[in-house]
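*Asks:* What follows is a structure written as structure tokens; I'll ask about it next.
The values are calculated or read from the model by the stated rules, or taken from the named source; none is laboratory data. Computed from a predicted model, the values in this text were never measured in an experiment. Reconstructed Cβ throughout: ideal geometry from the backbone, glycine too, with neighbour counts over all protein chains shown.
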């Protein structure tokens, strides 16, 4: 994949990555996670499920802001998504107009843009390649990167991404880097969302000739060329097209006499590519526009919507497009190959055009955003009604981790002109389903009318590893002297033989039925229990800030949350009360109490966000065996009370 090598080189040049923003018309999530993510992280390509989990952990620890934006109608939520990279679906009809360029439900979010920001600088890439295996490995594509070194370039990048962030209900970062330099290096970023439109800039010198590479064309090319000539104020504009031909036979356009007339006038010609296409290539998907003094590389097809052309009469449709406009005075002859004889046989029949036409899925009448916050373990759901009529159906939302569906209720917003979703905030009892299921589904009655991807925030709190059993956890604490390496723990998510994700249950020792006789609890000795908890208490007492404390409470394998879960599971799996379980509960609860006391001492934001999670760090005290005398019971209770009081007084 040549583009992947170029991508890797650009990452190296910008230094330690801080941001990676990617846009595409269509996406393949598996391609992004299998090829692009390891390139971003400098890791080997993943092979097993645990490799993806490992990449997600590294990504969370580095804090790289990775985002993917694409047309919401072309996200396939059933793709096997293995990481928490946010995939945002853009709704073009809700984007603000840019002068004469406006958007509707017929518009496509078609831009292919990459923005990289690191500690050594920033780079911008744009071209024709979608975030798919075809786009990066099978098609002939054009894609170019330039440094974002001037104020004008950075401002144009911001003017593109800022409305896209707003569209998907994300806040554009306030620390977006704007260089102080103002010189124009001869390259500009041109897009549909702000600034001078593409064709205005391409034709500002009123060129006499134009060469275009494009796989897609207006159905009536002759009419489009006439509109292009009118727009360019160049009635004698000569157009040379380098098309992709389906199965090397016909263009994706229909024949008419207008084409023959333009050809006779010397205003239209078809050409082969100047370079031989690799026989393994699926198609030539490249888009290139060349005038005597300009070169444009981007997502612009030779269509009215794709070029944002304002037609002479009729209702214009505009897509969201983007690309790089370069000052280039090289001759057009370098960009076109041999002339193709113009004949009806080169063009598609109506049936072939129907087969090649883009089928846009019908979207639901609402734009829904489902977010899961791993830090506080709850869903946040918001939405906007985009249907042409008022909400008249009952919709129910189904979410992983919730045993019941949630009714969606629509209310008029504060301005009184738009229906919005009555916002929902939903805690979950268990996050385990979310380790493998990142989809939501909306039902109308028994019919599923929409599926989408859940956006995961603060994935650093997404605990990916755990110890196989309680004994393994305590052994790791003792043998390591208090801070066991994280690679000693197994991943919570595995795959079966068919590649389907599975969530490990709490098994092994914890699932074994514990005998009512105390001596049969010797799988974990009292010494090991007390020694491990002593080490754990020292770790908690030594935490220097909220972030470090929350890491030991909720994030790392063997955290307090895991210790509580394993303790509860052991007690519930016991056939009768045991003295060991009673001591285990006391030790774990005292560790949780120590952690809460430490949290109250430390200064730092974020602790209030996990209030309910902190409160849940407690184990209900189990009964003592009936054989324990009342005197011994009283003595044990007094000793632990005294010990707790001494700790709190320190």
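*Asks:* For region 472-490, enumerate the residues that are assigned to a loop (DSSP other than H, G, I, E, B) and in contact with a strand residue (DSSP E or B) (Cβ under 9 Å, 6 or more places away or on another chain).
*Replies:* Passing the criteria: only 489.
*Asks:* While we're on this one: Kindly provide the set of residues from region 577-601 that are within 15 Å of residue 537 (Cα to Cα) and free of Cβ contacts under 8 Å to residues at least 40 places away in the same chain, ordered by number.
*Replies:* 585, 589, 592, 596
*Asks:* Quick test of your reading of the structure: residue 452 fulfils all but one of (1) in a loop (DSSP other than H, G, I, E, B); (2) in contact (Cβ under 8 Å) with a residue 60 or more places away in the chain. Name the failing condition by number.
*Replies:* (1)
*Asks:* Related question: Determine if region 157-171 includes at least one residue that is in a helix (DSSP H, G or I), crowded, with 20+ Cβ neighbours inside 10 Å and touching a helix residue (DSSP H, G or I) at 6+ places or on another chain (Cβ under 7 Å).
*Replies:* yes
*Asks:* Still on this model: May I ask you to list pairs of residues, at least six apart or on different chains, whose Cβ atoms are under 6 Å apart, with the first in region 465-485 being more than 18 Å from residue 591 (Cα to Cα) and the second being surrounded by fewer than 18 Cβ atoms within 10 Å (Cβ to Cβ)?
*Replies:* Close Cβ pairs satisfying both conditions: 468/490; 468/508; 469/508.
*Asks:* Looking only at region 304-334, how many residues end up being crowded, with 20+ Cβ neighbours inside 10 Å and in a loop (DSSP other than H, G, I, E, B)?
*Replies:* The qualifying residues number 5.
*Asks:* What is the one condition in (1) at pLDDT below 95; (2) surrounded by 15 or more Cβ atoms within 10 Å (Cβ to Cβ) that residue 131 does not satisfy?
*Replies:* Here residue 131 clears every test but (1).
*Asks:* So, one more: Consider residue 643 carefully, then state whether it is at pLDDT below 85 and in the same structural domain as residue 489 (by TED's automatic domain parsing).
*Replies:* On the way: at pLDDT below 85: yes; in the same structural domain as residue 489 (by TED's automatic domain parsing): yes.
Yes, satisfied.
*Asks:* Now for a separate question. What's the total number of residues in region 169-186 that are closer than 18 Å to residue 288 by Cβ and either at pLDDT 95 or above or not assigned by TED's automatic domain parsing to the domain that holds residue 319 (or both)?
*Replies:* Qualifying residue count, region 169-186: 0.
*Asks:* Let me confirm something: among 375, 352, which residue is buried (at least 18 other Cβ atoms within 10 Å of the Cβ), in contact (Cβ under 8 Å) with a residue 60 or more places away in the chain and more than 15 Å from residue 93 (Cα to Cα)? Walk me through it before giving the result.
*Replies:* Details: 352 fails: buried (at least 18 other Cβ atoms within 10 Å of the Cβ).
Only one candidate qualifies: 375.
*Asks:* Of all the residues that make up region 279-292, how many are within 32 Å of the chain's Cα centre (by Cα) and either farther than 12 Å from residue 245 by Cα or surrounded by 15 or more Cβ atoms within 10 Å (Cβ to Cβ) (or both)?
*Replies:* Residues flagged as within 32 Å of the chain's Cα centre (by Cα) and either farther than 12 Å from residue 245 by Cα or surrounded by 15 or more Cβ atoms within 10 Å (Cβ to Cβ) (or both) within region 279-292 amount to 9.
*Asks:* Is one or more of the residues making up region 255-268 assigned by TED's automatic domain parsing to the domain that holds residue 338 and within 39 Å of the chain's Cα centre (by Cα)?
*Replies:* no
*Asks:* Being within 29 Å of residue 339 (Cβ to Cβ), in the same structural domain as residue 122 (by TED's automatic domain parsing), out of contact with any strand residue (DSSP E or B) (no Cβ under 8 Å at 6 or more places or on another chain) and not in a loop (DSSP other than H, G, I, E, B), is that true of even one residue in region 198-206?
*Replies:* Within region 198-206 (the criterion being within 29 Å of residue 339 (Cβ to Cβ), in the same structural domain as residue 122 (by TED's automatic domain parsing), out of contact with any strand residue (DSSP E or B) (no Cβ under 8 Å at 6 or more places or on another chain) and not in a loop (DSSP other than H, G, I, E, B)), the answer is yes, since at least one residue qualifies.
*Asks:* Now, a different point. Looking only at residues in region 293-303 that are within 27 Å of the chain's Cα centre (by Cα) and outside any loop (DSSP other than H, G, I, E, B), which one is surrounded by the fewest Cβ atoms within 10 Å (Cβ to Cβ)? Steps first, please.
*Replies:* In the first step, residues of region 293-303 are kept if they are within 27 Å of the chain's Cα centre (by Cα); the result is 297-301.
Now restrict to residues that are outside any loop (DSSP other than H, G, I, E, B): 297-298.
Details: 297: 23, 298: 28.
Of everything passing the filter in region 293-303, 297 is surrounded by the fewest Cβ atoms within 10 Å (Cβ to Cβ).
*Asks:* Please work out if residue 27 is within 23 Å of residue 360 (Cα to Cα), in contact (Cβ under 8 Å) with a residue 40 or more places away in the chain, in the same structural domain as residue 113 (by TED's automatic domain parsing) and buried (at least 20 other Cβ atoms within 10 Å of the Cβ).
*Replies:* Taking the combined requirement at face value, the residue satisfies it.
*Asks:* When you scan region 560-595, how many residues do you find that are outside any helix (DSSP H, G or I) and surrounded by 22 or more Cβ atoms within 10 Å (Cβ to Cβ)?
*Replies:* Qualifying residue count, region 560-595: 1.
*Asks:* So in region 434-449, with the set limited to residues that are assigned to a loop (DSSP other than H, G, I, E, B) and over 19 Å from the mean Cα position of the chain (by Cα), which one is surrounded by the fewest Cβ atoms within 10 Å (Cβ to Cβ)? Before the answer, list the steps.
*Replies:* Taking region 434-449 first, the residues assigned to a loop (DSSP other than H, G, I, E, B) are 436-438, 445-446.
Applying the additional criterion that residues be over 19 Å from the mean Cα position of the chain (by Cα) yields 445-446.
Numbers: 445: 10, 446: 5.
Per the stated criteria, the residue is 446.
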